[in-house]
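Heads up, the thing below is written out as structure tokens.
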Amino acid sequence: CSDKQAAGSTAGDTSAATTTAGPTAAANAPPPPAAAPTKCDSYTDDLADRDWAIIYYATTGLSPPREKWADEALAGLDRGVGAEEAWKRANAQVDTQWNAVKDIRCVTLRTRADPKDYDPGLGGIPLGAFAPDAFFPFRHGSMQIALKFRNADKARVWKMTADKAAALKADSWLGNLGLVIRARLVASRPSGNGGTIEAEVVGFDIEPSEYSRIDRETVTVTP
């Protein structure tokens, strides 16, 4: 995505962080996760792996490794700053990152469409990006997060006639189709050394190669 790919493909890096200046009890007790929106008016693009870690902690309600993040921020500060001031700045940086990301629930993801052969029974071309086992992997340190689509079955088939599919198949660039997926984050759960974020596909854009004769197309996924 800058080709973050579903189902075993590479998904981007992440960065962001957590709450108040100075390690306090409140910092270890994050507020309850915000409810998932029923509708998305805008979408956030190009999230990094730390951003996904923040979203994961915010949606599960689990306490993030705030002090660890502050230590990491501290390492990047000017060595000429005194210890107490540097620690305050590191915590403020963590707070800024956390507050900027924690409530994000509407996102854009980019991947390859991975189109399959036309299926007359389904009335379209199945897209491998929405296969039942497809997911977007993110990794932050030793933590692994998988984003999965709970309504992948509704998004899986790019609907079209057999004639249109035949015309597309004649385009040698069909295999290079990209997807810009718009998704709503609805839930998350811990599992192993990390967890899973569940999303619902709202819609997607078919993005052809610049050399292709295929037209860009926007698809809305019905609930």
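The values are calculated or read from the model by the stated rules, or taken from the named source; none is laboratory data. What you are looking at is a predicted structure, and each value in this text was computed from that prediction instead of being measured. A quick note on method: Cβ atoms are made from the backbone with ideal geometry, for glycine too, and the neighbour counts reach across all protein chains shown. The area values use the complete protein model at the heavy-atom level, side chains included, leaving out ligands, DNA and RNA. Shrake-Rupley method; radii C 1.70, N 1.55, O 1.52, S 1.80 Å.
Observations on the structure shown:
- In the set ALA35, ALA7, ALA16, ALA21, only one residue is of a type outside the set (Val, Ile, Thr), modelled with pLDDT under 60, open to solvent by 50 Å² or more (accessible area, probe 1.4 Å) and assigned to a loop (DSSP other than H, G, I, E, B); that residue is ALA21.
- Residue in segment 90-104 that is more than 18 Å from GLY178 (Cβ to Cβ), open to solvent by 20 Å² or more (accessible area, probe 1.4 Å) and touching a strand residue (DSSP E or B) at 6+ places or on another chain (Cβ under 9 Å) present: yes
- Within segment 109-128, being touching a Ser or Thr at 6+ places or on another chain (Cβ under 8 Å) and open to solvent by 20 Å² or more (accessible area, probe 1.4 Å) holds for ARG110, ARG112.
- Tally, over segment 191-223, of residues that are open to solvent by less than 40 Å² (accessible area, probe 1.4 Å) and part of a strand (DSSP E or B): 11
- Test: residue in segment 166-180 that is at pLDDT 95 or above, closer than 24 Å to PHE135 by Cβ, open to solvent by 40 Å² or more (accessible area, probe 1.4 Å) and within 21 Å of the chain's Cα centre (by Cα): no
- Residues located in segment 126-163, provided they are touching a helix residue (DSSP H, G or I) at 6+ places or on another chain (Cβ under 6 Å), within 17 Å of GLY175 (Cα to Cα) and among the hydrophobic types (A, V, I, L, M, F, W, C): PHE130
- Cβ-Cβ contacts under 8 Å between residues 6 or more apart (or on different chains), taken from a first residue in segment 161-172 that is within 15 Å of TYR211 (Cα to Cα) to a second residue that is among the β-branched types (Val, Ile, Thr), are listed as LEU168/ILE125; LEU168/ILE214; ASP171/ILE214.
- Taken over segment 59-89, residues that are open to solvent by 40 Å² or more (accessible area, probe 1.4 Å) and within 24 Å of the chain's Cα centre (by Cα) amount to 5.
- Among the candidates ARG89, ARG79, ARG156, residue that is free of Cβ contacts under 8 Å to residues at least 40 places away in the same chain, among the basic types (Lys, Arg) and touching a Pro at 6+ places or on another chain (Cβ under 7 Å): ARG156
- Residue list for segment 75-97, filter: more than 16 Å from GLY141 (Cβ to Cβ) and either in contact with a helix residue (DSSP H, G or I) (Cβ under 7 Å, 6 or more places away or on another chain) or of a type in the set (Val, Ile, Thr) (or both): LEU77, VAL81, ALA86, TRP87, ALA90, ASN91, GLN93, THR96
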